[in-house]
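Coordinate-derived values only; no laboratory data. Predicted model only: the values in this text are computed from it and were never measured. Cβ atoms come from the backbone with ideal geometry, glycine included; neighbour counts cover every protein chain shown.
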Amino acid sequence: MDRYYLRETVVGDGRRPARTPLRAAQEQAGVPVGRWMGRGLAALGLAPGEKVTEAQMRNLSGERGRHPYADRIEAGRLAAGDSAKKAFKAGALGRRVTVTGVDFVFRPQPTIYLLWAFGDEETRLAIEAAHERAIERVPEWIEDEVAVIRYGKDGIYRVRPPGGLVAARFRHYEARSGRPLLHDHCF
């Protein structure tokens with residue numbers, strides 16, 4: 001998922017030109033920078049609304065569950081005299097797993113996003129405010145009611161994610177076809 005996300009999703013579902021820095025590609029696509037959200041941010045040293053960097057995305061998803069600041073953590077441990085193996089391990093987030101994330105796409109129903117696309121400024125702002133509220137509330141509900149970590153033989157033990165979930169959020173204004181479509185990807 002990392003390559004797809006970094007080549008297409010984070011730049012408005014377009015194709016990111018090779019060797020183009022992430023922020024430059026986002027500016028060319030007319031989409032805002034990604035932002036971090038979720039109750040689990042503090043455990044990672046991240047703040048709500050903080051900009052998502054390419055290195056953080058690569059570590060978290062591309063490296064299959066490494067800390068967003070794994071590079072910094074590793075460098076610090078190596079400077080302190082730890083072995084490369086021990087330093088690498090310090091940047092890990094628990095066990096390495098095959099699936100480290102899920103992409104949730106938030107978009108209004110068709111009648112609402114069409115109203116957003118063709119409405120006046122006041123209408124657009126009201127729809128965007130409701131959209132924002134949904135994006136805040138749904139992850140909270142998932143944390144409170146749905147998300148569990150299973151462990152032990154056959155996953156018999158279940159626990160809520162300690163501290164909560166973390167998501168990188170990316171706002172888009174168009175569908176891949178180019179038609180107006182307010183939506184956000186949360187990974």
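Odds and ends about this structure:
- The helix-only estimate of mean residue ellipticity at 222 nm for the chain, built from DSSP H runs of length n ≥ 4 each weighted as -39500 (n - 2.57), is -10000 deg cm²/dmol after division by the residue total.
- Counting only the Cα atoms, the chain fills a convex hull of 145 Å³ per residue.
- For the chain, with +1 on Lys and Arg beta carbons and -1 on Asp and Glu, the positive-most of H131, L44, G34 along the dipole: L44
- Were the residues from A147 through Y4 laid out at 0.36 nm apart, the gain over their Cα-Cα distance would be 49.0 nm.
- Here is what passes the span test in the chain: the DSSP H helices with alpha carbon length of 18 Å or more along the helix axis and a Kyte-Doolittle mean of -1.0 or above are 121-141.
- The three principal axes of the C-alpha atoms in the stretch 120-187 carry coordinate ranges of 55, 25, 14 Å, sorted with the longest axis first.
- Size descriptor for the stretch 41-86, Kirkwood hydrodynamic radius: 11.4 Å (Cα pairs only, one decimal).
- In units of the rule-of-thumb radius 2.2 N^0.38 Å, the stretch 1-59 shows an alpha carbon radius of gyration of 1.15.
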